[in-house]
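Only one structure is covered here, and it is reproduced in the block below.
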Amino acid sequence: EADIYQTPRYLVIGTGKKITLECSQTMGHDKMYWYQQDPGMELHLIHYSYGVNSTEKGDLSSESTVSRIRTEHFPLTLESARPSHTSQYLCASRSPATGGSGELFFGEGSRLTVL
Amino acid sequence: KQEVTQIPAALSVPEGENLVLNCSFTDSAIYNLQWFRQDPGKGLTSLLLIQSSQREQTSGRLNASLDKSSGRSTLYIAASQPGDSATYLCAVGGGSQGNLIFGKGTKLSVKP
């Protein structure tokens, strides 16, 4: 069973607010990811990290930012939330394996609604 | 650019039926393929991981196959149960960052 945790699970906020979605894993995985998923749609990668002090943008353009100061922690921040940011955000980590073939484990997700 | 397609988009079956979910991908240069289950409003639960050198993986009532050359994978669910109702997602892994490309999923409903 995967040990990856996201908080908050649900968040409703007003436009212009700054928010941080937390993601923590206790498995010691180096590679971590943030995906965005709209209802009925596929997941899209928005950020990833190879390890401490490593952050990269994913395939889908996002106004969010991430940081990786500790291996176990990969928070996502929106400086000024807008209604277009309403979505589900899913954090994941990958077990180590050669050639990027390790298994991906997901958290429960954070569902964000911006009014 | 890798594209992943899942057919059908939705499926409704009576309890006890065996069923097959299909996944196809356009670029056969993949590291692995992973099947997930997603319940409404929840995250993804990993079901099966098939490495590119493997042809199939089994876990309980689930069996997943991989045919890289034809760009296809199937997820076979035996003796379906109402608790199997969920959206099933297929994702292929490729690239050094270990990213997965996802399909839109198949929404399965198993009627008692």
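All of the numbers you see were taken from the coordinates with simple rules; none came from a lab. Predicted model only: the values in this text are computed from it and were never measured. Glycine also receives a Cβ, built like all others from the backbone with ideal geometry; neighbour counts cover every protein chain displayed.
Charging the Cβ of each Asp and Glu at -1 and of each Lys and Arg at +1, and nothing else, the dipole of segment B:1-50 about its Cα centre rounds to 160 debye.
Once backbone amide H atoms are built at 1.01 Å from N, A:Gly102 has A:Ala97 as its partners under 5 Å, excluding neighbours fewer than 5 places away on the same chain.
Beyond 20 Å, what percent of the Cα pairs of segment A:23-115 remain? Above the 20 Å cut-off, segment A:23-115 has 32 percent of its Cα pairs. Sites counted here are trypsin sites (Lys or Arg not before Pro) in a DSSP loop (not H, G, I, E or B) having no more than 16 other Cβ atoms within 10 Å; the longest part of chain A that contains none of them is A:19-115.
Looking at chain B, identify the longest residue range that excludes and avoids all trypsin sites (Lys or Arg not before Pro) in DSSP loops having at most 14 other Cβ atoms within 10 Å. Counting only loop sites that pass the neighbour cut-off, the longest clear stretch is B:2-54. About its Cα centre, chain A has a charge dipole of approximately 360 debye under the convention of +1 per Lys or Arg Cβ and -1 per Asp or Glu Cβ, with nothing else charged.
Between A:Met41 and B:Lys111, the FRET efficiency from the beta-carbon distance, with R0 = 22 Å, is close to 0.25. Across chain B, counting alpha-carbon atoms alone, Rg and Dmax equal 13.4, 44 Å.
Counting Cβ atoms of other protein chains within 10 Å of each residue's Cβ and taking the mean over peptide B:42-52 gives 6. Segment A:14-39 and segment A:63-115 have Cα centres separated by 3 Å.
For segment A:38-115, the relative contact order works out to 22 percent when only alpha carbon pairs closer than 8 Å and six or more residues apart are counted. Projected over all directions and averaged, the alpha-carbon convex hull of the protein assembly as shown occupies 12.0 nm². Residues whose amide H falls under 5 Å from that of B:Asp27, counting only those 5 or more places apart or on a different chain, are B:Glu3, with hydrogens built in the peptide plane.
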